[in-house]
Amino acid sequence: MRNRRLALTFALVMAAFISVACGGDEYTARAVSEETDRCATCNMAVADDAHATQIVTKDGRALLFDDIGCMYAWLAEHGDGDVGAAFVRDYRGLRWVKSEKAYYVYDASFKTPMAYGVLSFADKSDAEAFIAEQGKGVLMTADDLPNHSWAVNRDMDRAHGEGAHEHDAGHVGDGPGHADDGASHGEGHGGDGAGEHGADRTAGRDAGEAYANAREGGAAA
Amino acid sequence: MTGSRIARGLRAAALVLVSAALLAARPAGAAETAEPRLKQAQQTRQAPVPLQPLIDAAPEGAVLRLEPGEYAGPATIGKPLAVEAEADGAVTVVSADARPAIAVTAAGVRLRGLRIEQTGGRDGPAVHVSAPDAALEGLDIKAEGFGIRLERADRSAVRGSTIRSSRPSGGRFTERRNGIDLYETHDAVIERNTVASMYDAIYIENSDNVRIAGNVVESSRYGIHVMYSDGTVITGNDGRMNVTGAMVMTVDGVLLEGNIFAKQSENVNSQGILLFAARNSVVRGNVVSGNRVGIYVEGSTDNRIEGNEITDNFMGIELLDSEGNEIAGNQWIGNVADAGARRSGANRIERNFWDSFSGVDADGDGASDLRYAINPFFLSLTERRPVFQVLFQSPGMKFLEGLYGADRSGWAVDAAPLVSPARETDRTSRESGSGRAAGAAGALLLAAACAVIIISRRRTT
């Protein structure tokens, strides 16, 4: 009798322990409040639409962005040391998706609040269908984003005009390569949160430099 | 619902009848030119006259003068043509289609004096222009979605028009669309319009050298929103009760002069003027009054902010990550807090008047010999912990600011603050001039009344 009670207690304690230990990744996205939320990068009001993204920091703060480009600008500036999780929204259904699990479609002509032209989808098939429907757009995965040029459409125009093509050339040349990467990385990707962050961090900085270059290019032109 | 629709139909029919009667009573010459269109109006007494056939029938380069009455869109103008209302406001173009009520696809089209009601959902603008050199004047637009969209319509002008949302007041801003929306439209002119209750009242993107002058923008999300556009001139506009009066982002060489941005305070993120990533721009002689933040400057370099009147705001000016700017000759009066600055040390700030600062002017040159330093403590704190904003101006916060005030390197500092304001202060509205005129008229009336009384008294005696 006593043994059984002991066993039961032990089982309960173990269950509690396991649930705490394994349920570590408990960051959740919160809803957008249009009245009060402003983009942590550009200060614009965050609309409750498909372009909103957010970072939940390790101490539970939610940073909202009106455009995924602003989120990557923030990551480029601050690194992702404090980042618990990053979320984007499904373009079709508006549900929040972890940024590393989403698929992305980029074209300079897509209209987004800060004109970065990157849209996010929960399902690869939806993203592909969108590209087919629009007749334009490059499919990307989260792995491709840190290397994305993050040029806003105006910068692209100006860079073309002024012949400042360092980031242009990289971008155009990288396009097809990215698609391949996406296919091979897609599966083995979801599990290891920690390792991935480490890798992303340096990549994020690179993206930051690319971003800064892009802005410089735009301003110089 | 249906009752009101019937009533509207009856009213429209009555209008057509009345206008027909009026026309019939006019001299023969005038009636003759109007006859063909009048006939059409009579034939379709119940429904509005389709606009497209009239446009198709008009020869290229002609002036199509519309009789008073209701006309049905959507219509496309694909040739140079002027479409005018015979009398301003007497012609209404209605469209319940998702397409624009009026689409302009040819260069040099003119629209004048039309009322346009677009009820076909949020995505179709009331007027869409996709060709250069259009002139839109005196339009009165009520739209569920966009009012006027100009895309690749260089040198077009929108003047003296009124645009408002047909959606009931309140609700979310995202349910609305922009009032006047420019995309890749250079050298355009937007003058003397009134835009209210829209998403962004005036929005321009990738459009250089646009002139935005003398407009009234109110109760919208952003009054004037400029993105990725260089050389914009924003002058003499009135912005009231928007989330932000002028949102100027990623621009080069913009001039903001002589505008009034008042009472942008309803939203927790409100400000009068916001500059983000602005370069080589000038903000001069504006009045920012009663806003949450008067002028908010982030990531902006090499701008001049001079001669502005920053009155009765919660926070006068906020500087973040901004360097190489010149801030001179402004006056801060009656703000709860004058300024906040963070990572913005290298700006030239001098000869401003700060009413909360007590300086000492020993040499009598009008400027204080003590410097006015802006403590960044509160901003640093609330950037990390936004909820601490409830401690705004609390005694404890003042104490902590003093405690952390030892190292002043990197602070924004007015090197020579003025000891008295340079100008008269109360200019929160443009009505002071007309007020004086009204006063003079009143005095004249009073004098006349007195004269009448005196004269009549003399007669009775």
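Nothing in this text is a laboratory measurement; each read-out follows from the coordinates by a stated rule. Fair warning: this is a prediction, and the values are worked out from it, not measured in the lab. Here the Cβ is made from the backbone with ideal geometry for all residues, glycine too, and neighbour counts use every protein chain on show.
Return the equivalent ellipsoid semi-axes of the range B:113-194 as a descending list in whole Å, where each equals the square root of 5 times an eigenvalue of the C-alpha gyration tensor.
21, 13, 11
Once you mark the chymotrypsin sites (Phe, Trp or Tyr not before Pro) that are in a DSSP loop and have at most 15 other Cβ atoms within 10 Å, what is the longest gap between them in chain B?
With a cap of 15 other Cβ atoms within 10 Å, the longest stretch comes to B:1-391.
Just to confirm the filter: which trypsin sites (Lys or Arg not before Pro) across the range A:65-103 are DSSP coil and have at most 16 other Cβ within 10 angstrom of their Cβ?
Loop-located and lightly packed - A:Arg92, A:Arg95.
In a shell of Cβ-Cβ distance under 14 Å around A:Ala127, excluding A:Ala127 itself, what net charge do Lys and Arg (+1) and Asp and Glu (-1) give?
Net charge around A:Ala127: -2.
Tell me, what are the semi-axes, in whole angstrom and largest first, of the equivalent ellipsoid of the range B:49-217 as set by the roots of 5 times the Cα gyration tensor eigenvalues?
Values for the range B:49-217, descending: 22, 19, 14 Å.
Exactly which GluC sites (Glu not before Pro) in the range B:193-282 are in a DSSP loop and have at most 15 other Cβ atoms within 10 Å?
Listed in order of number, the matching sites are B:Glu266.
Among the listed pairs A:Lys136/B:Lys79; A:Lys111/B:Lys263; A:Lys58/B:Lys263; A:Lys98/A:Lys136; B:Lys142/B:Lys263, give every one whose C-alpha distance is greater than 28 Å.
As for pairs spanning more than 28 Å Cα to Cα, those are A:Lys136/B:Lys79; A:Lys111/B:Lys263; A:Lys58/B:Lys263.
Using +1 on the beta carbon of Lys and Arg, -1 on that of Asp and Glu, and nothing else charged, what's the dipole of the range A:15-139 about the Cα centre, debye to 20?
I would put it at about 140 debye.
With the Cα gyration tensor of chain B in hand, give its eigenvalues times 5 under a square root as the equivalent ellipsoid semi-axes, listed largest first in whole angstrom.
Over the Cα atoms of chain B, the ellipsoid semi-axes are 50, 29, 20 Å.
Which value does Rg/Rh take for the range B:184-247 over its C-alpha atoms, Rh per Kirkwood?
0.94
Considering only DSSP states other than H, G, I, E and B, which trypsin sites (Lys or Arg not before Pro) in the range B:129-220 qualify as loop sites with at most 13 other Cβ atoms within 10 Å?
Those that pass, being in a loop and sparsely packed, are B:Arg172.
Please state, rounded to one decimal and in Å, the Kirkwood hydrodynamic radius that the range B:242-328 gives when every pair of distinct Cα atoms enters the mean of 1/r.
12.3 Å
So what are the ³J(HN,Hα) numbers for the range B:75-82, from phi and the Karplus equation (6.51, -1.76, 1.60; θ = phi - 60°), rounded to whole Hz, Gly and Pro as x?
9, 10, 9, x, 8, x, 7, 10
Hey, if you put +1 on the Cβ of every Lys and Arg and -1 on every Asp and Glu Cβ in the range A:54-135, which of A:Gly60, A:His78, A:Phe121 ends up farthest toward the positive end of that dipole?
The residue sitting farthest along the positive end of the dipole is A:Gly60.
Once you put a point 7 Å from the Cα of B:Val413 and another 7 Å from the Cα of A:Asp59, both along the Cβ direction, what distance in nm separates them?
Between B:Val413 and A:Asp59, the label points sit 3.1 nm apart.
Relative contact order of chain B: what whole-number percent is it, with Cα pairs under 8 angstrom and at least 6 residues apart?
Reported relative contact order: 6 percent.
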